[in-house]
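A.B. asks: Have a look at this one.
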Amino acid sequence: MDYQGILNIIEKQLKITPITGKVADYIPPLAKVNPTHLAMYLKCTSGDEFYFGDYQEKFSIQSISKVYTLALAKEIIGDQLWKRVGVEPSGNPFNSLTQLESEKGIPRNPFINAGSIVVADGLLSVLENPKKDLLNFVRKIASDNEIYYDEKVAASEKKHGYRNVALINYMKSLNNIENHPEDVLDFYYDQCSLSMNCQQLAKSFMLFANEGKRLGTNERVFNSQSIKRINAIMQTCGFYDEAGEFSYRVGLPGKSGVGGGIVALHPKHYTVAVWSPPLNKKGNSELGMKALEELTSLTGLSIF
Ligand code: DON
């Protein structure tokens, strides 16, 4: 497969596509990001890599981090986690409050804000040094130590995160939060503030494409059942109330963030990360979705 030729076609198409979306502005530092950034990086399980644009420029990964915390929580807490968070698509915006009331404070899935806050709470209860341990975990699965939190983004989100305060307090009142809400949100904002580039993101997701094993050495990091489950949740819940649209147009499991990044993977074939900051109305990168739709159309390969 001529992946580089296909990426070149995608780059040309994206450059002439009119953008109607807007850069996220509810977290002030994100509003300052240049909307014209464009990057795509694809890594095959063979080890080959293909890319264009600003693929080495770091950005705020935001909700993409929800996959890392779920993977870590699944390893440490195991299936007990599912008593506190479900695995059903929400069909609602990522920061929605409505379902929590009728569903007794149990979030629909770990990829909406409420669900990821429950996961963060679970990790806070079991990790000795949550902030450091999470960073080490992400560095380990990405095989890259040049990954850091962006303290400014975390502090700014803390200052403006009224929705998340509402979500966590509501869940606390229904006994689904164990720790102090402020401590949980501090940890949640740290995870969201992780700053990574497309290359690091695609590399960190390779375990999910490679049956839980490291490329090259075949060292097993996650068991295959965990990989099956996390990929399934990405497929059904990775794009909030646009999860069906993403499945329909792209046909791969993936996860987006309001920083404009999306990571997707084709099990046993490749991982791919795209970055374009303007978001559509559902909070997903407008050009990122188009890039991935073109990728699976031009290669003729998706999981379906
Ligand atoms: O909690 C928030 O609202 C952000 N830190 C993360 C939101 C996000 O990335 C949703 N993704 N599309």
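A.B. asks: Amide H of D54: which non-local residues (sequence gap of 5 or more, or other chain) have their own amide H closer than 5 Å, using H built in the peptide plane?
C.D. replies: L38, A39, M40
A.B. asks: Which residue fluctuates the most in the chain, going by a Gaussian network model with Cα springs under 10 Å, if the choices are A291, A31, A209?
C.D. replies: Comparing A291, A31, A209 in a Gaussian network model of the chain, the most mobile one is A31.
A.B. asks: Roughly what would the spin-label model give for K15 and E151, points 7 Å off Cα along C-beta, in nm?
C.D. replies: Those two pseudo-labels are separated by 4.0 nm.
A.B. asks: Still on this structure, please answer the following. Using +1 on the beta carbon of Lys and Arg, -1 on that of Asp and Glu, and nothing else charged, what's the dipole of the chain about the Cα centre, debye to 20?
C.D. replies: For this selection, approximately 220 debye.
A.B. asks: Taking the Cα centre of the stretch 28-149 as origin and charging only Cβ (+1 Lys, Arg; -1 Asp, Glu), how large is the dipole, in debye to the nearest 20?
C.D. replies: 260
A.B. asks: Which pairs, out of K43/K213; K131/K282; K74/K140; K140/K228; K22/K281; K132/K159, put more than 18 Å between their alpha-carbon atoms?
C.D. replies: In this structure, K131/K282; K140/K228; K132/K159 exceed 18 Å between Cα atoms.
A.B. asks: Turning to a different aspect of this structure: How much mean residue ellipticity at 222 nm does the chain get from its helices, if each DSSP H run of length 4 or more adds -39500 (n - 2.57) and you divide by all residues, to the nearest 500 deg cm²/dmol?
C.D. replies: About -13500 deg cm²/dmol.
A.B. asks: Can you list the residues, at least 5 places off or on another chain, whose amide H is less than 5 Å from the amide H of F94, using H built in the peptide plane?
C.D. replies: Distant-sequence amide H within range of F94: D241.
A.B. asks: Mind sorting Y270, Y26 by how few other Cβ atoms lie within 10 Å of their own Cβ, fewest first?
C.D. replies: By the 10 Å Cβ count, ascending: Y26, Y270.
A.B. asks: Taking +1 at the Cβ of each Lys and Arg and -1 at the Cβ of each Asp and Glu, which of A71, Q199, L135 sits farthest along the dipole of the chain towards its positive end, judged by Cα position relative to the Cα centre?
C.D. replies: Working it through, the farthest residue towards the positive pole turns out to be A71.
A.B. asks: A follow-up question, please. Can you tell which of K66, K74, K15 shows the greatest fluctuation in a Gaussian network model of the chain with Cα springs below 10 Å?
C.D. replies: K15
A.B. asks: Taking the chain as a Gaussian network, where each spring joins two C-alpha atoms under 10 Å apart, which residue of E157, E88, E128 fluctuates the most?
C.D. replies: The residue with the greatest mean-square fluctuation here is E128.
A.B. asks: Please order W275, W82 by the number of other Cβ within 10 Å, starting at the fewest.
C.D. replies: Starting with the residue having the fewest Cβ neighbours, the order is W82, W275.
A.B. asks: How large is ³J(HN,Hα) for each residue in the stretch 107-124, as worked out from phi by the Karplus curve 6.51 cos²θ - 1.76 cosθ + 1.60 (θ = phi - 60°), to whole Hz, x for Gly and Pro?
C.D. replies: With coefficients 6.51, -1.76 and 1.60, one gets x, 4, 7, x, 9, 8, 4, 4, x, 6, 5, 5, 4, 4, 4, x, 5, 4 Hz.
Each value in this text was obtained by applying a stated rule to the coordinates, not by laboratory testing. Quick caveat: nothing in here was measured; it's all calculated off a predicted structure. Cβ sites come from the backbone with ideal geometry, for glycine too, and all protein chains shown count toward neighbours.
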